[in-house]
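Readers should treat all values here as calculations from the given coordinates under stated rules, not as data from a laboratory. This is a predicted model, so every value here is computed, not measured. Note that we place each Cβ from the backbone using ideal geometry, even for glycine, and neighbour counts take in every protein chain shown.
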Amino acid sequence: MANETVEISFEEAMAQLETIVEQLEDGDVPLEKAIDLFQQGMKLSQMCSQKLEQVEQKIEMIVEEGGELKRKPFGGTLEETGELGE
């Protein structure tokens, strides 16, 4: 696995990650293969996290302020924004 830069979709990465987790949880994997699977899983997990962050940055919330609809960047928690999704 020399510097793999193959781009896969979020769904494909999640499916691969689920397969890896199942194999590791099964416990019938030799130690060396378990280590390789764990490393692959960590890379997939990091990639999924990055993809989610990218999507989160693109999403906007539409909130009502003073009887007017306004766009705000998605992010922040309820405590940070003071908004309540009713």
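Numbers below:
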{"read-out": "Count, lysine Cα pairs under 19 Å in region 7-86, 8 or more residues apart or across chains", "value": "4"}
{"read-out": "At most 16 other Cβ within 10 Å, DSSP loop - GluC sites (Glu not before Pro), region 1-60", "value": "Glu4, Glu7"}
{"read-out": "Evaluated at q = 0.11, 0.21 Å⁻¹: base-10 log I(q)/I(0), Debye formula over Cα of region 7-86", "value": "-0.50, -0.92"}
{"read-out": "Pairwise label distance in nanometres, Gln57 with Leu24, each label 7 Å out on the Cα-Cβ vector", "value": "2.7"}
